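Asker: The structure is given below, and queries will be raised subsequently.
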Amino acid sequence: MTAVPDTGAPAGHEAVGAELARYSRMFYERGWMPGTSGNLSVRLPGAEADTALITASGRAKGELTAHDMVAVRAGSGEVLHPGPLRASAETSIHAAVYRTTDAGAVIHVHSPYATVAACRAGAREHATSLELTRFELLKGLGLDAAERTEVPVFPNWPDVPRIAAEVAGHLGRAERCPPGLLIADHGITVWGSDLAQARNRLECFEAICQLLTLGVD
Ligand SMILES: CSCCC(=O)C(=O)COP(=O)(O)O
Ligand SMILES: [Zn+2]
């Protein structure tokens, strides 16, 4: 795989990078990725599925282009073509999800209602969870509406790899996980087979968190 000069993105995958930039702009316009917040990644198709493209760190997320992406090893987050762009500071969390699930895409945003839920969950020192049941919207997460599920909430450790290790430990142990997690006082991370499924699931999580914020439980 050849890297495009001056970026860490592999040549031939501008379309994948452009798709990431399009999603990033969409979430920015919704107010779910204000400023430079949030990060997105997707596995490359076919034989290159061990590689993921992830948004570069610290960039205005409403203004990304196809060239603001960094190629990393999906399961470890190792940068494949070191260059001027830094991979997202939260790459290790994406890698933890890729390592322990069948995700093809991971989305992390600071959407308002999920962030309220993440702030209220009180996971300052220890992981906790947000119990969900009854909502029809659970079907949008691939769960039964009658099912009881627990969305894990992890402390927002300043050392991001520590968050990633806790995420990997949890997802590796848990039997039937919802496709998302909260980070206390921070935001939400959701995954799916591709960006479209991850976005649909994120919209359902956000709508559920809105109901909870409005006092429905
Ligand atoms: C300005 S938000 C602080 C960092 C963060 O939480 C985030 O989602 C963006 O980090 P990145 O390194 O991916 O730009
Ligand atoms: Zn964040």
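The values are calculated or read from the model by the stated rules, or taken from the named source; none is laboratory data. Worth saying up front: this structure is predicted, and the values here are computed from it rather than measured. Cβ placement follows ideal geometry from the backbone for every residue including glycine, while neighbour counts extend to all protein chains displayed.
Asker: Looking only at region 177-203, filter to residues that are small (Gly, Ala, Ser) and touching a Leu at 6+ places or on another chain (Cβ under 9 Å); which one of those is farthest from ligand 1 (Cβ to nearest atom)? Full working, then the answer.
Answerer: From region 177-203, those small (Gly, Ala, Ser) are 180, 184, 187, 192-193, 196, 198; that's our starting set.
Next, only the ones that are touching a Leu at 6+ places or on another chain (Cβ under 9 Å) stay: 180, 192, 198.
Working: Gly180: 15, Gly192: 19, Ala198: 15 Å.
Among those that are small (Gly, Ala, Ser) and touching a Leu at 6+ places or on another chain (Cβ under 9 Å), it is Gly192.
So that you can scan it fast, the table gives a plain yes or no per residue for (1) charged (D, E, K, R); (2) more than 23 Å from Tyr113 (Cβ to Cβ); (3) more than 16 Å from ligand 2 (Cβ to nearest atom):
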{"residue": "Pro155", "(1), (2), (3)": "no, no, no"}
{"residue": "Gly169", "(1), (2), (3)": "no, yes, yes"}
{"residue": "Leu181", "(1), (2), (3)": "no, no, no"}
{"residue": "Thr189", "(1), (2), (3)": "no, no, no"}
{"residue": "Gly192", "(1), (2), (3)": "no, no, yes"}
{"residue": "Glu203", "(1), (2), (3)": "yes, no, yes"}
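Asker: On to the next question. Would you confirm whether or not region 61-73 contains a residue that is assigned to a loop (DSSP other than H, G, I, E, B), buried (at least 18 other Cβ atoms within 10 Å of the Cβ) and of a type in the set (Asp, Glu)? Can you show your working first?
Answerer: Filtering region 61-73 down to residues assigned to a loop (DSSP other than H, G, I, E, B) leaves 61-68.
In the following step, the residues that additionally are buried (at least 18 other Cβ atoms within 10 Å of the Cβ) were identified as 61, 64, 66, 68.
Pick out the ones that are also of a type in the set (Asp, Glu) and you get 68.
There is at least one residue in region 61-73 that is assigned to a loop (DSSP other than H, G, I, E, B), buried (at least 18 other Cβ atoms within 10 Å of the Cβ) and of a type in the set (Asp, Glu).
Asker: Kindly evaluate Leu130 against the criterion of being in contact with an Asp or Glu (Cβ under 9 Å, 6 or more places away or on another chain), assigned to a loop (DSSP other than H, G, I, E, B) and modelled with pLDDT of 95 or more. If you could, list the steps in order and put the result at the bottom.
Answerer: Values: in contact with an Asp or Glu (Cβ under 9 Å, 6 or more places away or on another chain): yes; assigned to a loop (DSSP other than H, G, I, E, B): no; modelled with pLDDT of 95 or more: yes.
So Leu130 fails the test.
Asker: Filter region 27-44 down to residues that are under 16 Å from Ala95 (Cβ atoms) and near ligand 1 (Cβ under 8 Å from one of its atoms), then give me how many there are.
Answerer: Of the residues in that region, 1 qualify.
Asker: Kindly indicate whether any position in region 108-126 is within 16 Å of ligand 2 (Cβ to nearest atom) and closer than 25 Å to Asp50 by Cα. It would help to see each step written out before you state the result.
Answerer: Going through region 108-126, the residues within 16 Å of ligand 2 (Cβ to nearest atom) turn out to be 108-119, 121, 123.
Imposing the further condition that a residue be closer than 25 Å to Asp50 by Cα reduces the set to 108-109.
Within region 108-126, one or more residues are within 16 Å of ligand 2 (Cβ to nearest atom) and closer than 25 Å to Asp50 by Cα.
Asker: Would you point out which residue out of Ala87, Ala95, Ala47, Ala117 is more than 22 Å from Pro152 (Cα to Cα), of a type in the set (Gly, Ala, Ser) and either at pLDDT 95 or above or within 14 Å of ligand 1 (Cβ to nearest atom) (or both)? Please lay out each step first, then the result.
Answerer: On the way: Ala95 fails: more than 22 Å from Pro152 (Cα to Cα); Ala47 fails: either at pLDDT 95 or above or within 14 Å of ligand 1 (Cβ to nearest atom) (or both); Ala117 fails: more than 22 Å from Pro152 (Cα to Cα).
Of the residues listed, the single one that is more than 22 Å from Pro152 (Cα to Cα), of a type in the set (Gly, Ala, Ser) and either at pLDDT 95 or above or within 14 Å of ligand 1 (Cβ to nearest atom) (or both) is Ala87.
Asker: Which ones in region 1-44 are part of a loop (DSSP other than H, G, I, E, B) and at pLDDT 95 or above? Step through it out loud before you land on a result.
Answerer: Let us first name the residues in region 1-44 that are part of a loop (DSSP other than H, G, I, E, B), namely 1-2, 4-7, 9, 11-13, 31-38, 44.
Those that are part of a loop (DSSP other than H, G, I, E, B) and at pLDDT 95 or above: Gly31, Trp32, Met33, Pro34, Gly35, Thr36, Ser37, Gly38, Leu44.
Asker: Could you identify the single residue in Met69, Met33 that is more than 13 Å from ligand 2 (Cβ to nearest atom) and among the hydrophobic types (A, V, I, L, M, F, W, C)? Give the derivation first.
Answerer: Values: Met33 fails: more than 13 Å from ligand 2 (Cβ to nearest atom).
Among Met69, Met33, only Met69 is more than 13 Å from ligand 2 (Cβ to nearest atom) and among the hydrophobic types (A, V, I, L, M, F, W, C).
Asker: Which of the residues belonging to region 111-136 are surrounded by 20 or more Cβ atoms within 10 Å (Cβ to Cβ) and of a type outside the set (Val, Ile, Thr)?
Answerer: Within region 111-136, the first condition is being surrounded by 20 or more Cβ atoms within 10 Å (Cβ to Cβ), and the residues that meet it are 111, 114-115, 117-118, 121, 123, 130, 132.
Ser111, Ala114, Ala117, Ala118, Ala121, Ala123, Leu130, Leu132, listed by residue number.
Asker: Of all residues in region 143-181, which are without any contact (Cβ under 8 Å) to a residue 40 or more places away in the chain, among the small types (Gly, Ala, Ser) and outside any strand (DSSP E or B)?
Answerer: Within region 143-181, Ala145, Ala146, Gly169, Ala174 meet the criteria.
Asker: Does Ala52 qualify as being part of a strand (DSSP E or B) and away from ligand 1 (no atom under 11 Å from the Cβ)?
Answerer: Working: part of a strand (DSSP E or B): yes; away from ligand 1 (no atom under 11 Å from the Cβ): yes.
Answer is yes for this residue.
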